[in-house]
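Note sheet for the following structure.
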Amino acid sequence: MSDFSSSSSPKIIAIANQKGGVGKTTTSINLAAALVKNGCRVLVVDLDPQGNASTGLGIDPEKRNYTTYDLVLGDVDLHDVIQTTDFEGLWISPATVDLSSADIEMVSNEKRSYLLHDALRQPAIDDFHFDFILIDCPPSLSLLTVNAMVAADSVLVPLQSEFFALEGLSQLMLTVREVRQTANSKLRIEGVVLTMYDQRNNLSRQVEQDARDNLGELVFQTVIPRNVRISEAPSFALPVLDYDPTSKGSQAYQALALEVLAKKGR
Ligand SMILES: Nc1ncnc2c1ncn2[C@@H]1O[C@H](COP(=O)(O)OP(=O)(O)OP(=O)(O)O)[C@@H](O)[C@H]1O
Ligand SMILES: [Mg+2]
């Protein structure tokens, strides 16, 4: 196993798309697992009240005493919020439905856009020696997602290989630009990754062509195929890399991780 881990501060990637069901959580879990397989120490921040990343990584709802809600709004120790998982090298800040009221509670805070940023820059974060922090965003351009973009070094956008996929992308890019102008001038686009890609389907190929024509280098070379093993894995509380390591889905997320690692090294 190669070891890409380093002692510098973690790279923070917000995994965002306001469209629902495009593969944000699947990408958060499996990219995290693939980075771990490359020797990285990775934190997944579940920033979605649905808590799908927490469930997908096997965190029992009863064991979510402190959650990302406390991370952004509470005054709690990072060590209380960040939990180990069954996967060595992988940690999680879990979420519950509590997070759905966070948006409203954050509005009255004058640091409302910086709450996650500040939380992830507490000195105690150094104790974990993370190489990457992946933030699984909710399907909206809400204050939670803005917090993720303000906290992040980059935004990774999963794009479902379906009709209308590119619609909405301009709105997302507009939000990125706004965040860049107001709160986080260093924010980059990590890349756009095509998900649920079906090679036999003309539409998938058309969406890919459109994306590559319009976005060029921003589109990852790796495409994530539609793969039943990927969709089965969360019900076993496993990343697909552990559920079926040789599946096409596992291979694709491993290839994506290598692209992400190559960019980090640059
Ligand atoms: N490559 C894939 N192949 C097959 N099924 C997939 C793939 N990627 C995601 N899915 C399935 O599609 C559904 C939506 O994926 P996921 O939950 O990751 O999307 P999301 O963008 O996080 O959704 P939400 O916007 O609700 O948070 C899930 O049931 C997931 O298992
Ligand atoms: Mg999700």
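The values are calculated or read from the model by the stated rules, or taken from the named source; none is laboratory data. Just so we're clear, the structure is a prediction, and the values are computed from it rather than from any experiment. Please note: Cβ atoms are built from the backbone with ideal geometry, for glycine as well, and neighbour counts cover all protein chains shown. Areas reflect the complete protein model, heavy atoms only, side chains present, ligands, DNA and RNA absent. Shrake-Rupley method; radii C 1.70, N 1.55, O 1.52, S 1.80 Å.
Before moving on, here are some points about what is shown:
- For residue 90, the shell of other residues with beta-carbons less than 15 Å away shows a net charge of -4, using +1 for Lys and Arg and -1 for Asp and Glu.
- Using a cut-off of 22 Å between Cα atoms, the listed pairs 19/111; 11/186; 37/248; 11/248; 19/263 include 19/111; 11/248; 19/263 as exceeding that distance.
- Expected 222 nm ellipticity per residue - DSSP helices of 4 or more, -39500 (n - 2.57), all of the chain, to 500: -11000 deg cm²/dmol
- Ordering of 243-256, 160-173 by packing [mean C-beta count within 10 Å, highest first]: 243-256, 160-173
- Loop-resident sites, the range 108-187, for trypsin sites (Lys or Arg not before Pro), counting at most 15 other Cβ within 10 Å (DSSP): 111, 121, 186
- Put simply, the amide H of residue 44, placed in the peptide plane, has neighbours under 5 Å in 91, 92, 93, 134, leaving out anything fewer than 5 places away on its chain.
- Ordered by 1.4 Å accessible area with all protein chains kept, 205, 212 run largest first as 205, 212.
- Range of Cα positions in the chain per principal axis (Å), largest first: 51, 38, 35
- Once the 1.4 Å probe is applied to the protein heavy atoms, the chain comes out at 46 Å² accessible per residue.
- Carbon and sulfur %, accessible surface of the chain computed with the full protein complex present, 1.4 Å: 48
- Computed across the range 1-148, the Kirkwood hydrodynamic radius from all distinct Cα-Cα pairs reaches 15.1 Å.
- Inter-probe distance in nm under a simple model that places probes 7 Å from Cα toward Cβ, at residue 110 and residue 182: 1.7
- Cβ-defined net charge surrounding residue 225, 15 Å radius [Lys, Arg +1; Asp, Glu -1]: 0
- Neighbours of residue 194, meaning other residues whose beta-carbon lies under 11 angstrom from its beta-carbon, give a summed charge of -1 when Lys and Arg score +1 and Asp and Glu score -1.
- Here the range 118-258 is treated as an ellipsoid with the same Cα gyration tensor; its semi-axes, largest first and in whole Å, are 27, 22, 13.
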